[in-house]
Amino acid sequence: MLDKINLALLDKDKDYLNSFVEYVASTKSQKLQVIAFTEYKYLLNYLSEGQKQVDVLLVSRDFYKDVSSNCSGVIILLDDGKAEVCTRYKNIINKYQYGDKLTAEIMSIFSKNTVANYNFDFDEKKTKIIGVYSPAGGTGTTTVAVGASIQLAWEGKDVFYLNLENMPSTPLYFTGEQNDNLSTILYFIKSKAKNLAIKLDGAKCVDPSYKIHYFLPPDSIYDFNEDVSKEIITLLRELKGTNQYDKIIVDMSCEINKNNLAVLQYCDEIILVLEQDKTSEIKLQCMLKELRLLSPKNNCEIIEKFHLVVNKYSADTMWDEGKLKISEKELLIKIPWVENLTTFKEGLCRLDMNSEFGKAIYQMLLNI
Ligand SMILES: Nc1ncnc2c1ncn2[C@@H]1O[C@H](COP(=O)(O)OP(=O)(O)O)[C@@H](O)[C@H]1O
Ligand SMILES: [Mg+2]
């Protein structure tokens, strides 16, 4: 039984080839092997070395005519949409689409054209977007969002941590090298870049210890003072559309503005982080009033998705639990205050997930 498919790409567009190869290497390396050529003669050299097998050859329009009679694998035209596609092309796929959809289409064409028996499946993930929000500052939104991301990653889930704070603290928790950041990503989206999914994939960072994916913070926090709600939703849709992630955790700032409202509307679930104090009580009521006023229908849907969480909880503090309530919704969990929850090592902030905090996060995720 075969377990890897050998893909070869033939296209003059070096950037495209690089992002494709990088995408396959980072997400599909157990199933696909890929080699890329910018000239037909290089492909011929490669094939003439003997032993080398190509199962699927993806060819741009420029080369299609030359190769069709010379290759034994399944030949697929990478259509760039620039000219009409002629009927003599038997297998065609759209060059610019989500990495996962692209590979799924390649697999589908290949499976119809081969007699070999391959032992794998290309499951599509069902991504859930979980927002972490608080109407009050400093309640531990980021700590809960990062803790939830780490817990999920430990459980073997594929996690994207998307930080949309005004003052992002991402570099405190995760490390990674990358030229692009959230500003360049918003720019890609604004300029309607064609192969956005592949670009996003190339622009993300992967934290080496947790394997959590994320973007570096934007160049300037002014990027978030503007209305970028459309771009952020496009970003979330694209991330979801790649089918790479089990969960996308969105860490948000406190304001009720266009950006945050759009995100809250798009999330599947929302963790609402509060504290056992008057500020949280008042701000919760304020936020609910605001949401009901702004757009009753849409914002009721937001309220439905809230899971109330009290963070920094201490049993020693006198407090009337009934004050933190939304309609008939009870508190989902109390996350205890933990002394020395964070430690700094080599410039990075580490959360003590073996503490009562970690246990509460685990419990919280079981119920969302
Ligand atoms: N359960 C907890 N126990 C102890 N300290 C906490 C807890 N949750 C958060 N903190 C601390 O509270 C501070 C603010 O947390 P942060 O997540 O940055 O808040 P926010 O994102 O809401 O502004 C941080 O110093 C963090 O370590
Ligand atoms: Mg925060």
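The values are calculated or read from the model by the stated rules, or taken from the named source; none is laboratory data. What you are looking at is a predicted structure, and each value in this text was computed from that prediction instead of being measured. Don't worry about glycine lacking a Cβ; one is built from the backbone with ideal geometry, like all the others, and counts go over all protein chains shown.
Tabulated data for the structure shown
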item	result
Members of region 239-268 found to be in a helix (DSSP H, G or I), over 12 Å from I129 (Cα atoms), touching a helix residue (DSSP H, G or I) at 6+ places or on another chain (Cβ under 6 Å) and not small (G, A, S), listed by number	K258, N259
Matching strands (runs of 3 or more DSSP E) fully within region 320-368 where at least 3 residues are more than 16 Å from ligand 2 (Cβ to nearest atom)	333-336, 342-345
Residue within region 156-170 that is in a helix (DSSP H, G or I), modelled with pLDDT of 95 or more and within 9 Å of ligand 2 (Cβ to nearest atom) present	no
Residues satisfying the stated conditions in region 185-200, i.e. surrounded by fewer than 17 Cβ atoms within 10 Å (Cβ to Cβ) and without any contact (Cβ under 8 Å) to a residue 40 or more places away in the chain	Y187, S191, K192, A193
Failed item in (1) modelled with pLDDT under 90; (2) in contact with a helix residue (DSSP H, G or I) (Cβ under 7 Å, 6 or more places away or on another chain), with Y222 passing the rest	(2)
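Table: residues versus (1) of a type in the set (K, R); (2) farther than 26 Å from K278 by Cβ; (3) within 16 Å of ligand 1 (Cβ to nearest atom).
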| residue | (1), (2), (3) |
| --- | --- |
| L293 | no, no, no |
| N298 | no, yes, no |
| S314 | no, no, yes |
| K334 | yes, no, yes |
| F344 | no, yes, yes |
| C349 | no, yes, yes |
| F357 | no, no, yes |
| L365 | no, yes, yes |
| I368 | no, yes, no |
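Each row is one residue, and each column tells you yes or no for (1) in contact with an Asp or Glu (Cβ under 8 Å, 6 or more places away or on another chain); (2) more than 16 Å from ligand 1 (Cβ to nearest atom).
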{"residue": "P135", "(1), (2)": "no, no"}
{"residue": "T141", "(1), (2)": "yes, no"}
{"residue": "V146", "(1), (2)": "yes, no"}
{"residue": "I150", "(1), (2)": "no, no"}
{"residue": "A153", "(1), (2)": "no, yes"}
{"residue": "L162", "(1), (2)": "yes, no"}
{"residue": "G176", "(1), (2)": "yes, yes"}
{"residue": "K192", "(1), (2)": "no, yes"}
